[in-house]
Every structure is written in C-alpha cells, then in structure tokens.
Amino acid sequence: MRLIFLGPPGAGKGTMAKKLSKSRGLLHLSTGDLLRANIKEKTALGKEAVSFVENGKLVPDQLVIEMMRHRLREQDARKGFILDGFPRTTEQAKALDGLLGEENMKLDHAVNFDASDGKIIERLSGRRICGKCGAIYHLKNIPPKQPGICDQCGGSLVQRKDDNEETVRRRLEVYREETAPLIEYYERQNLLRTVPGELDVHELEPIVKKILA
Ligand SMILES: [Zn+2]
C-alpha cells in the first residue's frame with residue numbers, strides 16, 4: 001500500500017504514520033528523515049544537498065525526488081510506504097507522480113488530516129518536550145505528574161521554539177497557502193480521503209483503518 005499523508009503541522013499525521021508503519025510493515029518517510037540519512041551516509045545526493053542546507057536554502061525538489069527514488073527501491077519499502085508531509089506543493093506532487101510512473105508504482109490514497117487552526121494552536125502551544133530524553137508531554141492532554149518535570153527521567157520540560165503560538169500561526173499560514181492546491185490536485189485524481197485530524201489518535205485510528213481496508 002502506498003500512501004501520502006497531508007495536513008498541517010499538529011494534525012496528527014506523524015503519530016498515525018508511526019502507528020500504521022509498525023502495524024502494516026510500511027516504510028515511514030518524511031523529507032527531513034530522507035535528507036538527514038543521505039547527508040549522514042554521504043551519498044552523492046547527500047553531498048549535493050549539504051551545500052543548500054549549509055547556506056540555509058531549500059533543497060531543490062528534484063534532488064529530494066531522486067533521494068526518494070533510491071529509498072523507495074530498498075527492501076523495506078516493498079510492502080509499501082507512507083510519505084509524511086511530502087509532497088507539500090503541487091510542483092512536488094507532479095514530480096512525485098513522474099517518479100512513481102517511472103517505477104511502475106501507483107498511490108492508493110492521499111489521506112488529508114483536517115484540523116482547524118484553533119485546535120492546532122491549542123495542541124502545539126501546549127506541547128512540552130523533555131530536554132534530556134525527548135519524551136513529549138502536553139499541558140492539558142498528557143500532563144507530567146510534576147509540573148515541568150519529565151516522568152521518565154526527571155529532566156526539565158521545555159517548549160520548542162517552533163511550538164510557540166506566533167510561530168505556529170505563521171507555519172499554518174504558509175501551510176494553507178502552499179498546500180491547499182494539493183487537496184484539489186488529489187481530489188481530481190480521486191485519491192483524496194479526508195479524516196478528522198482533530199480527534200485523539202485512538203478515535204482517529206479506526207477511521208483511518210477503515211479507509212485503508
Ligand atoms: Zn525525560
């Protein structure tokens with residue numbers, strides 16, 4: 001099964017992708033993971049990407065697509081994959097279609113995690129992360145036993161810069177502008193499946209599974 005997960009940051013696609021990739025043996029791939037792996041392993045594509053990353057520039061779509069092509073040919077992608085947060089623009093979606101066509105692959109579903117700005121801001125701005133072990137908490141939904149302290153390792157909990165309200169609002173604006181056309185793009189191909197990303201993960205999981213059944 002070959003899936004892409006669309007949706008704003010904080011709509012639950014990463015969590016769901018992790019769960020499904022485990023239970024169904026699918027490769028879970030985000031652009032960030034792909035870039036980091038290629039740079040770390042010093043592949044030819046990774047070396048090319050480094051110059052963009054070091055200069056604070058966006059890595060060109062074509063480079064990302066080539067990395068994806070290599071990755072999707074590997075053994076652990078044979079049962080299928082979930083692309084998490086890629087494509088982000090119509091240009092990227094077209095490039096992905098080109099790649100899949102050349103590899104004789106077809107997408108099964110484009111799952112769109114829908115959530116309101118208010119809900120996303122509440123989710124992300126309440127998020128706290130343990131500075132020591134990386135465990136994730138939420139002031140309202142997953143509070144630590146002692147405020148500000150990690151249950152697992154006693155480290156202090158911090159808010160990531162990306163998670164403060166103003167930054168989240170800006171990220172959402174960019175997302176809505178860039179990605180809204182993608183929703184139409186996949187709708188036209190009859191691949192779009194919209195799910196309520198506002199639900200908690202245990203409520204959302206059966207809905208996603210039904211779509212994939
Ligand atoms: Zn911790």
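The values are calculated or read from the model by the stated rules, or taken from the named source; none is laboratory data. Note that this is a predicted model, so its numbers are computed, not measured. With ideal geometry, Cβ positions are generated from the backbone for all residues, glycine too; neighbour counts draw on all protein chains shown.
K13 meets the conditions (1) in contact with a helix residue (DSSP H, G or I) (Cβ under 7 Å, 6 or more places away or on another chain); (2) buried (at least 19 other Cβ atoms within 10 Å of the Cβ) in every case but one. The failed one is (1).
For R193, indicate whether it is basic (K, R) and outside any helix (DSSP H, G or I). If you could, list the steps in order and put the result at the bottom.
Details: basic (K, R): yes; outside any helix (DSSP H, G or I): yes.
Yes: the conditions hold for R193.
Each residue in the stretch 116-134 was checked for being touching a Leu at 6+ places or on another chain (Cβ under 9 Å) and within 12 Å of the ligand (Cβ to nearest atom), and 4 pass.
Just name the residue that is farthest from D200 (Cα to Cα) out of those in the stretch 140-165 that are assigned to a strand (DSSP E or B) and near the ligand (Cβ under 9 Å from one of its atoms). Full working, then the answer.
Initial filter on the stretch 140-165 (assigned to a strand (DSSP E or B)): 142, 146, 149, 156-158.
Then keep just the ones that are near the ligand (Cβ under 9 Å from one of its atoms); that gives 149, 156-157.
Working: I149: 24, S156: 26, L157: 22 Å.
Among those that are assigned to a strand (DSSP E or B) and near the ligand (Cβ under 9 Å from one of its atoms), it is S156.
Report yes if Y137 is of a type outside the set (S, T, N, Q), within 10 Å of the ligand (Cβ to nearest atom) and at pLDDT below 95, otherwise no. The answer is yes for Y137.
Report yes if D200 is of a type in the set (D, E, K, R) and either surrounded by 12 or more Cβ atoms within 10 Å (Cβ to Cβ) or at pLDDT 90 or above (or both), otherwise no. Spelling it out, it is not the case that D200 is of a type in the set (D, E, K, R) and either surrounded by 12 or more Cβ atoms within 10 Å (Cβ to Cβ) or at pLDDT 90 or above (or both).
When you check L191 against the structure, is it in contact with a strand residue (DSSP E or B) (Cβ under 7 Å, 6 or more places away or on another chain) and either over 23 Å from L3 (Cβ atoms) or at pLDDT 95 or above (or both), yes or no? Yes: the conditions hold for L191.
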